[in-house]
1. Check whether at least one residue in region A:191-205 is at pLDDT 95 or above, in a strand (DSSP E or B) and not assigned by TED's automatic domain parsing to the domain that holds A:Arg349, and report yes or no.
2. Does at least one position in region A:285-297 carry a residue that is part of a helix (DSSP H, G or I) and either crowded, with 20+ Cβ neighbours inside 10 Å or within 14 Å of chain B (Cβ to nearest Cβ) (or both)?
3. If a residue has to be more than 14 Å from chain B (Cβ to nearest Cβ) and basic (Lys, Arg) to count, how many in region A:218-238 make the cut?
4. Check A:Ser178, A:Ser164, A:Ser216, A:Ser143 and return the single one that is among the polar types (S, T, N, Q), at pLDDT 95 or above and in contact with a Gly (Cβ under 6 Å, 6 or more places away or on another chain).
5. Condition test on A:Gly243, is it within 16 Å of the chain's Cα centre (by Cα), of a type outside the set (S, T, N, Q) and either closer than 26 Å to A:Glu202 by Cα or part of a loop (DSSP other than H, G, I, E, B) (or both)?
6. Among the residues of region A:23-39, is any among the charged types (D, E, K, R), surrounded by 19 or more Cβ atoms within 10 Å (Cβ to Cβ) and under 21 Å from the mean Cα position of the chain (by Cα)?
7. Any idea how many residues of region A:179-197 are more than 18 Å from the chain's Cα centre (by Cα) and surrounded by fewer than 24 Cβ atoms within 10 Å (Cβ to Cβ)?
Amino acid sequence: MRRVAVTGIGVICGLGRDLAEYWCGLREGRSGVAPIESVDTTGMRFQNGAEVRDYRQQEHFEDKRADFIDRFAQFAVIAAREAAARARVEWSPRLRQRTAIVTGSCLGGQSTEDSGFVDLYRLGRQRLNPLIIPRTMANAGASHISIEFGITGPAFTLSTACSSSGHAIGQAYWMVRSGAVEMALAGGSEAPFSMGILKAWEAMRVISPDLCRPFSRDRKGMVLGEGAAILVLEPLEAARARGASIEGEIVGFGMSSDASHITQPSADGAARAMMAALEDAGLEPGQAGYINAHGTGTQANDSTETRAIRAVFGAHADRLPVSSTKAMHGHALGAASALEAAATLLALREGVLPPTVNYREPDRDCDLDVVPNVARKASPEYALSNSFAFGGLNAVLAFGRA
Amino acid sequence: MSGELIELPGELIERVISVIAETQRLGKEKVSLDSSFEELGMDSMDGVNVLFALENEFDINIPDEEARAVRTVRGMAEGVAKLVAAKARSAATAE
């Protein structure tokens, strides 16, 4: 089996419009959360979100092309461009055939669908925009990345709610590791800020009325975010041979399903996914030096995740820093795992653990070292990134320092 | 939704019980004012579903903070009664 390097990372989200800005925000413990601008939230139970502010599609796409691409897929292409540029990929016809694209998205282009159906249901129009289908399909991100770079290898999209891009990166990792492909662009994107989607989340009563406060006793839920992150994966040997800069390694991937409840998390399912990732990586629990938590800031997730971490790591959990970066970049649903994979790789590379911001009060049900409010210098060799989706589908990635 | 003593009209109790029974797909005879959500087999998502149905039934908005502490049918009926009374008061003021 081949070792797999990450040679390029691209990011766009509420915390930063590229990788450098994103890392700056993570390190400084800044928040990308502010009053939502793209939807009128008057009268709603929450007003805050982590939007990509002042986003102008004209700066990234020609008008004609932009018409065909929903915001979620635009983000995917923008992140892929940055990742490929940073990896200094030299495309050849053979490499294009031997490169995979695996993206994750929970909602796809539902914002396009939402506004399109207003015409039908509210305005009583008989004709709908013919671009609704190609803009809405969840695989549009993967397709537009393929068109952008002329990549002709295997390309597909996974949709497992908040684990989508974790499952996507994991599959791509295994494909590169096994030799099925020579390179992969993997990650995910999401753009959930439309009226129908926000109202649906409001109804679930899991969104905080103010800020996201993971692991804090006074936490009141999550805050939605949007954006994309894409990683370039290739065999470590090949990356070294061509002199690529190595951002880090993916060393393992684990999955599990809870088989219990459609929305309530299970400590057992989460623990099994972490153990599977450690086993796949050939790591002992004590070798993990940092966990980027799922850490949504809901009462149920954070206490359940704490129990799961304690079950897997035992006494080592007392010495294991665990932070949730969702308080800064928001919960970007299908893009969340990819944004957090990027944060975890950067933490390993830079030797700085991003903090859990907005933390106020210890909770004995979340009695972990959550790196409260301020980033911390540390140089772990290995780290995990957790994703536990609604529907009980869990994906955990294990990373190693370059 | 607790603390002060709240008078519960029989008709309101009846409607709250009906909504909970329908949402939970239970026979009405299984649900009483003294039932706890736990006894009715309700989890947190069931609770959210019941809140949605009650908001529609009484045309009220039930705040998250207050709803979170409620664990019984009585607590829920008292909370609804308070919100219905507040709605009637604000309607009267508007006139």
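1. No, that holds for no residue.
2. No, because not a single residue in region A:285-297 is part of a helix (DSSP H, G or I) and either crowded, with 20+ Cβ neighbours inside 10 Å or within 14 Å of chain B (Cβ to nearest Cβ) (or both).
3. Final tally of qualifying residues: 0.
4. Selected residue: A:Ser164, the only one of A:Ser178, A:Ser164, A:Ser216, A:Ser143 that is among the polar types (S, T, N, Q), at pLDDT 95 or above and in contact with a Gly (Cβ under 6 Å, 6 or more places away or on another chain).
5. Judged against the criteria, A:Gly243 is not a match.
6. Step one: of region A:23-39, the residues among the charged types (D, E, K, R) are A:27-28, A:30, A:37.
With the extra rule that they be surrounded by 19 or more Cβ atoms within 10 Å (Cβ to Cβ), the set shrinks to none.
No, region A:23-39 contains no residue that is among the charged types (D, E, K, R), surrounded by 19 or more Cβ atoms within 10 Å (Cβ to Cβ) and under 21 Å from the mean Cα position of the chain (by Cα).
7. Residues flagged as more than 18 Å from the chain's Cα centre (by Cα) and surrounded by fewer than 24 Cβ atoms within 10 Å (Cβ to Cβ) within region A:179-197 amount to 8.
A quick yes/no check of all residues on (1) closer than 22 Å to A:Asp67 by Cα; (2) free of Cβ contacts under 8 Å to residues at least 40 places away in the same chain; (3) not aliphatic (A, V, I, L, M):
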residue	(1), (2), (3)
A:Asp114	yes, no, yes
A:Arg127	yes, yes, yes
A:Pro130	yes, yes, yes
A:Thr136	yes, no, yes
A:Asn139	yes, yes, yes
A:Thr157	yes, no, yes
A:Thr160	no, no, yes
A:Ser164	no, no, yes
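The values are calculated or read from the model by the stated rules, or taken from the named source; none is laboratory data. Keep in mind the model is a prediction, meaning the values are calculated, not measured. Please note: Cβ atoms are built from the backbone with ideal geometry, for glycine as well, and neighbour counts cover all protein chains shown.
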